[in-house]
Amino acid sequence: MPDDIKNLFAGIPENAKICIWGAANAGRSIKEELAKYRQDTTVCAFIDSVKQGEIDGVKIYKPENMPEIKNNFDYMIISTRSDCTVIDAMLFYYDIKNYVRISPYLLKKYQFIPSKISEILNFLDSEKDKQLYKDLIEARITGNTDKLKEFVQKEHNITPDRKRTIKHYTSYINYDAIEVVLEGGMFNGLNTIVFKKLFKNLKKIYAFELIYDKVKNKSIAHIIDSLKELEIIPLALWDRKEKLVFTENVAAPYSSGINPPLNKNGSEQNFTVDAISIDEYVSENNIEKVDFIKMDIEGAEMKALKGAEQTLIKHRPQLAISIY
């Protein structure tokens, strides 16, 4: 077995039953390499949100089929580069811990033909852009992203340990003390799933989201639909009841909001929505306790916090607030 392939497959247990997430060329390539170099393993399932049918007799399942197949495999290889946070949330929710991400580029080095790379480099104007492109190619071939990390840290002025995580609203939170959650800005429910998993004493989530039906993610919608504790409220959070203009960014819906701090791209649509304050909602719905408030509402957080003054004083909830 070549050393590079050996290193990629080193963590796979002997005689593992493997599920490959991604049934496109990358997933097929991984299955082929496993058949060559890890004949002790068996690929028993594929997961893909688009493709259907079978690959060499192995069935392709939808992400929403996870509950019925998760006990059929003991190791997962993730070959897709899309929907990373969705996949992370699902693996976390279903307690799937034995998995690895393998890029097809690490298996198919011959895809990077030097003459083609030189041709592309000639289209780039600056030496800085050319070096970045070379570093990208090197990272995909070797799997070493150190140079890219250095570039991002320098150009975007972020700390070396920063990374995207599905748990970015739960740091420093006392999970066991939380029974009732107010979630301002649910979006597609990724964080909602994490809250359900982490907060063992959870009884209720009041999730404020105006465009859930538009941003619903089909891979995790079955989980959201199953949450008996969840109530989705199609109201904007503000400092009082009011009619407001909501700007929906169709191209980047995660940045939609009331006067959101977005970069306009020509896909914006405005419509009038009803807003309410947290104090008003808590009072009108006779909510007896609030243990945790999360807000990510695209710059409307200060207004919403002003409208939650009495709730904050009375209930002393834990807070996870985005800052814009």
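The values are calculated or read from the model by the stated rules, or taken from the named source; none is laboratory data. Given the structure is predicted, the values throughout are model-derived calculations rather than measurements. Counting neighbours? That spans all protein chains shown, and the Cβs are built from the backbone with ideal geometry, glycine included.
A few remarks follow.
- Tally of residues being at pLDDT 95 or above and not charged (D, E, K, R) across region 288-301: 4
- Region 84-121, residues that are at pLDDT below 85 and under 17 Å from residue 198 (Cα atoms): 85
- If you go through region 42-56 and pick out every residue that is small (Gly, Ala, Ser) and touching a helix residue (DSSP H, G or I) at 6+ places or on another chain (Cβ under 6 Å), you end up with 2.
- With a requirement of 1 or more residues that are surrounded by fewer than 12 Cβ atoms within 10 Å (Cβ to Cβ), at pLDDT below 75 and not hydroxyl-bearing (Ser, Thr, Tyr), the helices (runs of 4 or more DSSP H) lying completely within region 122-206 that satisfy it span 146-156.
- Boolean, residue 293 is within 30 Å of the chain's Cα centre (by Cα) and either under 30 Å from residue 250 (Cα atoms) or assigned to a loop (DSSP other than H, G, I, E, B) (or both): yes
- Per-region count, region 266-294, residues over 18 Å from residue 182 (Cβ atoms) and of a type in the set (Phe, Trp, Tyr): 1
- Flag if residue 86 is in a helix (DSSP H, G or I) and touching a helix residue (DSSP H, G or I) at 6+ places or on another chain (Cβ under 8 Å): yes
- Any hit, region 234-242, residues being of a type in the set (Phe, Trp, Tyr), part of a loop (DSSP other than H, G, I, E, B) and at pLDDT 95 or above: yes
- Note on region 248-287: residues that are farther than 15 Å from residue 184 by Cβ, touching a helix residue (DSSP H, G or I) at 6+ places or on another chain (Cβ under 9 Å) and modelled with pLDDT of 75 or more amount to 5.
- Flag if residue 298 is of a type outside the set (Ser, Thr, Tyr) and within 29 Å of the chain's Cα centre (by Cα): yes
- Selection status of residue 201, in contact with a helix residue (DSSP H, G or I) (Cβ under 7 Å, 6 or more places away or on another chain) and in contact (Cβ under 8 Å) with a residue 24 or more places away in the chain: yes
- Taken over region 19-28, the criterion of being crowded, with 18+ Cβ neighbours inside 10 Å and farther than 22 Å from residue 68 by Cα is satisfied by 26 alone.
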